[in-house]
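> Encoded as structure tokens, here's the structure I'll be asking about.
Bear in mind these aren't lab numbers, they're just calculated from the coordinates by the rules spelled out. Being a predicted model, the structure only gives us computed values, none of them experimental. Cβ placement follows ideal geometry from the backbone for every residue including glycine, while neighbour counts extend to all protein chains displayed.
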Amino acid sequence: MKYSRSIIISLITLITTSSFAQDGDSTDYYYQIPDYPEEYNAGTVVARMVDGLGFRYYWGTEGLTADDLNFRPSEGARNVEETINHILSLTQILVNAVNEKPFEGVKVEGLSFEEKRDLTLENIRQASETLKNADGEDLARYNMEFPSVEFPFWNLINGPIADAINHVGQIITFRRTNGNPINQNISVLQGRVRN
């Protein structure tokens, strides 16, 4: 029997998405953006921003090659892997803040790209889940704590969350420049892979 390409792709996407949902594997959690919450509140709105970061990071880093990881657009700029290390640090700040823990750094030495990617996606997922269950008053508890300074939750939004989204955009641009663009079927508006 002859099957059309779109039917085969649809079946593969359905099977893959179903297996991800059943596994609960956080590394595949952002293959598509989770369904949006039923209600709007401070926690669910910020969680949706975090989920948007997760979806973009998932696809921005999916299929990166060793050559992509070493790509540096100019002398003095971070390469892709250094940018990934920075995003991991930003997501650790985020997850520590919503778990009401101080940030004391992240050790990336000895971690493979895949391990850093998995840890980053897990940080994003955990932060989103905590935020979805928070109300407006809870958000005031989620300060960014560093060894010598503390910032309110507001700074978490315009700092690490916005910065991480910005750096994912850089990775997407760098990999495109290096000849390895992201999957063209990604819809960041819908948070889905188009067939």
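> Considering only the range 122-195, give the helices (runs of 4 or more DSSP H) lying wholly within it that have at least 2 residues that are farther than 29 Å from Asp67 by Cβ.
136-139, 153-156
> Another question, then. Determine whether the range 67-78 contains at least one residue that is touching a residue at least 40 places away in the same chain (Cβ under 8 Å), surrounded by fewer than 22 Cβ atoms within 10 Å (Cβ to Cβ) and of a type in the set (Ser, Thr, Tyr).
no
> Right, something else. Out of Gly179, Gly159, report the one residue that is within 25 Å of Asn79 (Cα to Cα), more than 18 Å from the chain's Cα centre (by Cα) and of a type in the set (Gly, Ala, Ser).
One residue alone meets the criteria, Gly179.
> State which residue is nearest to Glu82 (Cα to Cα) when the search covers only the range 94-121 and only residues that are aliphatic (A, V, I, L, M) and part of a loop (DSSP other than H, G, I, E, B).
Here the residue is Val108.
> Checking the conditions here, which among Pro147, Pro102 is free of Cβ contacts under 8 Å to residues at least 60 places away in the same chain and either of a type in the set (Lys, Arg) or out of contact with any strand residue (DSSP E or B) (no Cβ under 7 Å at 6 or more places or on another chain) (or both)?
Of Pro147, Pro102, the one residue that is free of Cβ contacts under 8 Å to residues at least 60 places away in the same chain and either of a type in the set (Lys, Arg) or out of contact with any strand residue (DSSP E or B) (no Cβ under 7 Å at 6 or more places or on another chain) (or both) is Pro147.
> Anything in the range 170-179 that is more than 10 Å from Thr83 (Cβ to Cβ) and either out of contact with any Phe, Trp or Tyr (no Cβ under 9 Å at 6 or more places or on another chain) or free of Cβ contacts under 8 Å to residues at least 12 places away in the same chain (or both)? List them, or say none. Don't jump to the end; show me each part of the working.
Just the residues of the range 170-179 that are more than 10 Å from Thr83 (Cβ to Cβ), to begin with: 172-173, 175-179.
Matches in the range 170-179: Thr173, Arg176, Gly179.
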